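Nothing in this text is a laboratory measurement; each read-out follows from the coordinates by a stated rule. The model shown is predicted, which means the values in this text are computed figures rather than measured ones. Cβ sites come from the backbone with ideal geometry, for glycine too, and all protein chains shown count toward neighbours.
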Amino acid sequence: MDLKGAKIRNIHKLCSKIESENPKPLSINIPFYQRPFSWRKYEINKLISDYYQYKTAQGNYNENYFAGSVVTVIKEDSDYHDLIDGQQRITTLFLINY
């Protein structure tokens, strides 16, 4: 299957250019056609509890956790990624870390 350059990345490198390992972050743009943030307590609690259940089962809090796929497309000649899929998870994780 040709993934056209897609690869698994750490969330800290999510918005750097995929062809480089340079950690310099780019900006995320949520296009106007994306639905507004709509997660409620249930979805947020499910994401957090799934994370803690995984970490507890692993017994290793340094182990990587896969929170689902995120699809971004870099806008040509810019430092922006359009967020195509994964907006609810990324927004939730951003707000938790904020």
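The label-point distance for ASN45 and PHE32, in a model that sets each label 7 Å from Cα toward Cβ, rounds to 3.7 nm.
Our estimate of slack between PHE94 and TYR54, defined as 0.36 nm per intervening residue step minus the Cα-Cα distance, is 12.4 nm. Restricting region 27-82 to GluC sites (Glu not before Pro) that sit in a DSSP loop and have at most 15 other Cβ atoms within 10 Å of their own Cβ leaves GLU63, GLU76. Under 5 Å from the amide H of ILE28 lie the amide H atoms of HIS81, each residue being 5 or more positions distant or on a separate chain, with H modelled from the backbone and absent for Pro and chain starts.
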